[in-house]
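For reference, the structure discussed in these notes is given below.
The values are calculated or read from the model by the stated rules, or taken from the named source; none is laboratory data. The model shown is predicted, which means the values in this text are computed figures rather than measured ones. Cβ sites come from the backbone with ideal geometry, for glycine too, and all protein chains shown count toward neighbours. Areas reflect the complete protein model, heavy atoms only, side chains present, ligands, DNA and RNA absent. Shrake-Rupley method; radii C 1.70, N 1.55, O 1.52, S 1.80 Å.
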Amino acid sequence: AQSVTQLDSQVPVFEEAPVELRCNYSSSVSVYLFWYVQYPNQGLQLLLKYLSGSTLVESINGFEAEFNKSQTSFHLRKPSVHISDTAEYFCAVSRTSGTYKYIFGTGTRLKVLA
Amino acid sequence: DTGVSQDPRHKITKRGQNVTFRCDPISEHNRLYWYRQTLGQGPEFLTYFQNEAQLEKSRLLSDRFSAERPKGSFSTLEIQRTEQGDSAMYLCASSLDGRTLNYGYTFGSGTRLTVV
(Lines give C-alpha, C1' and ligand atoms only; values in the text may rest on other atoms or scores of the structure.)
Protein backbone atom coordinates (compact mmCIF):
# COMPACT_ATOMS: atom_id res chain seq x y z
CA ALA A 1 0.00 0.00 0.00
CA GLN A 2 1.03 3.58 -0.53
CA SER A 3 0.79 6.54 1.82
CA VAL A 4 1.53 10.25 1.58
CA THR A 5 2.52 12.60 4.37
CA GLN A 6 2.28 16.35 4.18
CA LEU A 7 3.58 17.45 7.55
CA ASP A 8 2.70 21.13 7.21
CA SER A 9 -1.03 21.79 7.37
CA GLN A 10 -0.56 25.54 6.94
CA VAL A 11 2.32 27.60 5.60
CA PRO A 12 2.17 31.40 5.85
CA VAL A 13 4.71 33.29 3.76
CA PHE A 14 5.20 36.87 2.67
CA GLU A 15 4.79 37.85 -0.96
CA GLU A 16 7.97 37.49 -3.04
CA ALA A 17 9.54 35.17 -0.45
CA PRO A 18 10.51 31.58 -1.32
CA VAL A 19 8.42 28.64 -0.15
CA GLU A 20 8.80 24.89 0.18
CA LEU A 21 5.85 22.55 0.75
CA ARG A 22 6.97 19.15 1.93
CA CYS A 23 5.71 15.79 0.73
CA ASN A 24 6.99 12.39 1.76
CA TYR A 25 5.60 9.10 0.54
CA SER A 26 5.81 5.45 1.38
CA SER A 27 5.53 2.67 -1.16
CA SER A 28 6.98 -0.77 -1.78
CA VAL A 29 6.50 -0.41 -5.54
CA SER A 30 7.29 2.21 -8.15
CA VAL A 31 5.06 5.26 -8.07
CA TYR A 32 4.14 8.29 -10.04
CA LEU A 33 4.05 11.56 -8.08
CA PHE A 34 1.82 14.59 -8.44
CA TRP A 35 1.12 18.00 -7.00
CA TYR A 36 -2.37 19.45 -7.35
CA VAL A 37 -3.63 22.89 -6.37
CA GLN A 38 -7.15 23.60 -5.16
CA TYR A 39 -8.63 27.08 -5.01
CA PRO A 40 -11.69 27.69 -2.78
CA ASN A 41 -14.83 25.87 -3.92
CA GLN A 42 -13.09 24.45 -6.96
CA GLY A 43 -11.80 21.08 -8.06
CA LEU A 44 -8.14 20.12 -8.17
CA GLN A 45 -5.83 21.32 -10.91
CA LEU A 46 -2.68 19.48 -11.87
CA LEU A 47 0.36 21.57 -11.03
CA LEU A 48 3.14 19.16 -11.99
CA LYS A 49 3.96 15.49 -12.12
CA TYR A 50 6.83 13.05 -12.10
CA LEU A 51 6.36 9.96 -14.26
CA SER A 52 9.94 9.17 -15.30
CA GLY A 53 13.10 10.82 -16.59
CA SER A 54 14.49 13.97 -15.04
CA THR A 55 13.85 14.09 -11.32
CA LEU A 56 13.31 17.86 -11.40
CA VAL A 57 9.96 18.86 -12.84
CA GLU A 58 8.64 22.35 -13.39
CA SER A 59 5.25 23.97 -13.86
CA ILE A 60 4.43 26.87 -16.14
CA ASN A 61 3.80 29.21 -13.20
CA GLY A 62 7.19 28.93 -11.52
CA PHE A 63 6.73 25.95 -9.20
CA GLU A 64 9.16 23.06 -9.26
CA ALA A 65 9.46 19.75 -7.46
CA GLU A 66 12.26 17.24 -7.20
CA PHE A 67 11.75 13.51 -6.90
CA ASN A 68 14.19 12.11 -4.37
CA LYS A 69 13.92 8.33 -4.33
CA SER A 70 16.37 7.78 -1.47
CA GLN A 71 14.48 10.18 0.79
CA THR A 72 11.08 9.22 -0.65
CA SER A 73 10.24 12.88 -1.05
CA PHE A 74 8.68 15.14 -3.65
CA HIS A 75 8.86 18.63 -2.14
CA LEU A 76 7.29 21.57 -3.95
CA ARG A 77 9.21 24.84 -4.20
CA LYS A 78 8.76 28.30 -5.60
CA PRO A 79 11.50 30.96 -5.38
CA SER A 80 9.09 33.91 -5.18
CA VAL A 81 5.40 33.58 -4.34
CA HIS A 82 2.51 35.84 -5.32
CA ILE A 83 -0.76 36.59 -3.55
CA SER A 84 -2.49 34.55 -6.23
CA ASP A 85 -0.62 31.40 -5.09
CA THR A 86 -2.79 31.32 -1.96
CA ALA A 87 -4.53 27.96 -2.16
CA GLU A 88 -4.45 24.40 -0.85
CA TYR A 89 -1.80 22.12 -2.29
CA PHE A 90 -2.12 18.34 -2.39
CA CYS A 91 0.60 15.80 -3.02
CA ALA A 92 -0.48 12.45 -4.46
CA VAL A 93 1.02 9.15 -5.55
CA SER A 94 -0.22 6.39 -7.78
CA ARG A 95 1.15 3.01 -8.71
CA THR A 96 2.68 2.74 -12.16
CA SER A 97 0.24 0.01 -13.18
CA GLY A 98 -3.24 -1.30 -12.43
CA THR A 99 -5.99 1.16 -11.56
CA TYR A 100 -3.62 4.12 -11.15
CA LYS A 101 -5.76 5.35 -8.28
CA TYR A 102 -4.31 8.27 -6.38
CA ILE A 103 -3.46 8.33 -2.71
CA PHE A 104 -3.52 11.92 -1.50
CA GLY A 105 -1.88 13.67 1.38
CA THR A 106 -3.96 15.78 3.75
CA GLY A 107 -2.97 18.99 2.00
CA THR A 108 -1.01 22.13 2.86
CA ARG A 109 -2.76 25.47 2.96
CA LEU A 110 -0.43 28.12 1.55
CA LYS A 111 -1.30 31.64 2.62
CA VAL A 112 0.66 34.42 0.95
CA LEU A 113 0.74 37.62 2.95
CA ALA A 114 1.11 41.11 1.52
CA ASP B 1 -13.28 19.92 -25.06
CA THR B 2 -14.32 21.78 -21.91
CA GLY B 3 -12.83 19.36 -19.42
CA VAL B 4 -14.63 17.27 -16.81
CA SER B 5 -18.13 18.48 -15.97
CA GLN B 6 -20.03 17.66 -12.81
CA ASP B 7 -23.66 18.33 -12.07
CA PRO B 8 -25.02 19.68 -9.82
CA ARG B 9 -22.39 21.93 -8.22
CA HIS B 10 -24.27 21.98 -4.94
CA LYS B 11 -26.92 19.73 -3.45
CA ILE B 12 -28.73 20.14 -0.15
CA THR B 13 -30.87 17.21 0.84
CA LYS B 14 -32.71 15.96 3.87
CA ARG B 15 -31.44 12.93 5.71
CA GLY B 16 -32.91 9.77 4.28
CA GLN B 17 -33.38 11.10 0.76
CA ASN B 18 -31.65 9.70 -2.31
CA VAL B 19 -29.32 11.82 -4.43
CA THR B 20 -27.65 11.29 -7.79
CA PHE B 21 -24.66 13.09 -9.20
CA ARG B 22 -23.47 13.14 -12.79
CA CYS B 23 -19.99 13.34 -14.25
CA ASP B 24 -19.11 13.93 -17.91
CA PRO B 25 -15.44 13.09 -18.47
CA ILE B 26 -13.14 14.27 -21.23
CA SER B 27 -14.38 12.37 -24.25
CA GLU B 28 -11.18 10.54 -25.13
CA HIS B 29 -10.45 9.47 -21.54
CA ASN B 30 -11.29 5.83 -20.91
CA ARG B 31 -10.65 5.94 -17.16
CA LEU B 32 -13.04 7.59 -14.70
CA TYR B 33 -12.67 7.96 -10.95
CA TRP B 34 -14.87 9.14 -8.08
CA TYR B 35 -13.33 10.61 -4.95
CA ARG B 36 -14.81 12.08 -1.78
CA GLN B 37 -13.27 15.03 0.04
CA THR B 38 -14.26 16.13 3.51
CA LEU B 39 -13.24 19.37 5.15
CA GLY B 40 -9.55 19.55 5.91
CA GLN B 41 -8.74 16.25 4.22
CA GLY B 42 -7.34 15.12 0.94
CA PRO B 43 -9.62 13.36 -1.51
CA GLU B 44 -10.28 9.68 -0.82
CA PHE B 45 -10.77 7.11 -3.56
CA LEU B 46 -14.28 5.72 -3.97
CA THR B 47 -14.42 3.85 -7.25
CA TYR B 48 -12.86 3.45 -10.68
CA PHE B 49 -14.19 2.66 -14.16
CA GLN B 50 -12.30 1.61 -17.21
CA ASN B 51 -14.70 2.26 -20.05
CA GLU B 52 -18.02 0.87 -18.77
CA ALA B 53 -16.52 -1.65 -16.36
CA GLN B 54 -16.35 -0.80 -12.66
CA LEU B 55 -13.02 -2.39 -11.74
CA GLU B 56 -12.47 -1.28 -8.18
CA LYS B 57 -14.57 -0.07 -5.25
CA SER B 58 -13.26 1.29 -1.99
CA ARG B 59 -14.44 -0.05 1.34
CA LEU B 60 -15.64 3.52 1.89
CA LEU B 61 -18.37 2.80 -0.65
CA SER B 62 -21.10 1.28 1.49
CA ASP B 63 -24.11 -0.56 0.10
CA ARG B 64 -25.96 2.76 -0.02
CA PHE B 65 -23.60 3.98 -2.74
CA SER B 66 -23.77 2.85 -6.34
CA ALA B 67 -21.99 4.10 -9.42
CA GLU B 68 -22.52 3.42 -13.09
CA ARG B 69 -20.91 4.34 -16.34
CA PRO B 70 -23.21 3.13 -19.10
CA LYS B 71 -21.61 2.92 -22.53
CA GLY B 72 -18.31 4.12 -21.11
CA SER B 73 -19.23 7.78 -21.35
CA PHE B 74 -20.80 9.78 -18.49
CA SER B 75 -21.01 8.35 -14.99
CA THR B 76 -23.52 8.65 -12.16
CA LEU B 77 -22.99 8.26 -8.44
CA GLU B 78 -26.11 7.57 -6.38
CA ILE B 79 -26.37 7.71 -2.62
CA GLN B 80 -29.46 6.13 -1.10
CA ARG B 81 -30.88 7.00 2.31
CA THR B 82 -28.38 9.81 2.85
CA GLU B 83 -26.84 10.35 6.26
CA GLN B 84 -25.22 13.46 7.69
CA GLY B 85 -21.85 11.76 7.42
CA ASP B 86 -22.27 11.73 3.65
CA SER B 87 -21.84 15.50 3.57
CA ALA B 88 -18.71 16.11 1.50
CA MET B 89 -17.40 17.25 -1.84
CA TYR B 90 -17.70 14.50 -4.44
CA LEU B 91 -15.04 14.78 -7.11
CA CYS B 92 -14.94 13.09 -10.47
CA ALA B 93 -11.77 12.73 -12.51
CA SER B 94 -10.86 11.18 -15.82
CA SER B 95 -7.58 10.19 -17.40
CA LEU B 96 -5.89 8.39 -20.23
CA ASP B 97 -4.09 5.13 -19.65
CA GLY B 98 -1.34 5.42 -17.07
CA ARG B 99 1.28 4.31 -19.51
CA THR B 100 0.94 7.43 -21.65
CA LEU B 101 3.14 10.47 -21.28
CA ASN B 102 0.04 12.62 -20.89
CA TYR B 103 -1.14 10.60 -17.91
CA GLY B 104 -2.61 12.55 -15.06
CA TYR B 105 -6.09 13.09 -13.74
CA THR B 106 -8.28 15.95 -14.86
CA PHE B 107 -10.72 16.75 -12.09
CA GLY B 108 -14.15 18.27 -12.31
CA SER B 109 -15.20 21.12 -10.04
CA GLY B 110 -17.00 18.72 -7.76
CA THR B 111 -20.47 18.38 -6.29
CA ARG B 112 -20.81 19.64 -2.73
CA LEU B 113 -23.40 17.60 -0.84
CA THR B 114 -24.93 18.87 2.38
CA VAL B 115 -27.22 16.52 4.27
CA VAL B 116 -29.44 18.29 6.79
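Couple of notes before you dig in:
- Semi-axes of the equivalent ellipsoid for segment A:1-50, Cα gyration tensor, largest first, Å: 23, 15, 11
- GNM flexibility winner over chain A from A:Leu51, A:Leu76, A:Leu21 (Cα, springs under 10 Å): A:Leu51
- Within 10 Å of each Cβ in A:36-43, the average number of Cβ atoms from other chains: 5
- Accessible area of the protein assembly as shown belonging to carbon and sulfur atoms, whole % at 1.4 Å probe: 47
- Altogether, the Stokes-Einstein calculation at 10 °C and 1.306 mPa s, with the Kirkwood radius of chain B over Cα pairs as Rh, returns a diffusion coefficient of 112 µm²/s.
- Here A:His75 sits with roughly 30 square angstrom of accessible surface, probe radius 1.4 Å.
- Only protein heavy atoms count here, probed at 1.4 Å, and on that basis chains B and A bury about 1800 Å² of accessible area in total.
- Peptide B:38-49 has a mean shielding of 4, counted as Cβ atoms of other protein chains within 10 Å of each residue's Cβ.
- For the pair segment A:1-77 and segment A:81-114, the centres of their Cα atoms are 6 angstrom apart.
- Shielded by partner chains, segment B:52-97 residues - at least 10 Å² of accessible area, 1.4 Å probe, vs chain alone: B:Glu56, B:Met89, B:Leu91
- Per-residue average of Cβ from other chains inside 10 Å of B:103-111: 6
- Ranked from largest, the principal axis spans of the Cα set of the protein assembly as shown equal 49, 39, 34 Å.
- Across A:Lys49/A:Lys101; A:Lys69/A:Lys101; A:Lys78/A:Lys111; A:Lys101/B:Lys14; A:Lys49/A:Lys78; A:Lys101/B:Lys71, pairs whose alpha-carbon gap is larger than 23 Å: A:Lys101/B:Lys14
- Positive end of the dipole of the protein assembly as shown (Cβ unit charges, origin at the Cα centre): among B:Tyr103, B:Val116, A:Ala65, the Cα lying farthest that way belongs to B:Val116.
- Inverse mean reciprocal Cα-Cα distance (Kirkwood Rh) of segment B:19-81, Å: 12.1
- Sequence-ordered 3J(HN,Hα) estimates for segment A:28-41 from the Karplus curve with 6.51, -1.76 and 1.60 and θ = phi - 60° stand at 8, 10, 5, 9, 9, 10, 9, 10, 10, 10, 10, 8, x, 6 Hz, glycine and proline given as x.
- Taking amide hydrogens as placed 1.01 Å from N in the peptide plane, the amide H of B:Arg112 sits under 5 Å from those of B:His10, B:Lys11, B:Tyr90, each at least 5 positions away in sequence or on another chain.
- The protection proxy used here, the mean number of other Cβ atoms lying within 10 Å of each residue, ranks peptides A:104-110, A:64-70 as follows, highest first: A:104-110, A:64-70.
- Just checking the listed ones, A:Lys49, A:Lys78, A:Lys101: in the Gaussian network model of chain A with Cα springs under 10 Å, the one fluctuating most is A:Lys101.
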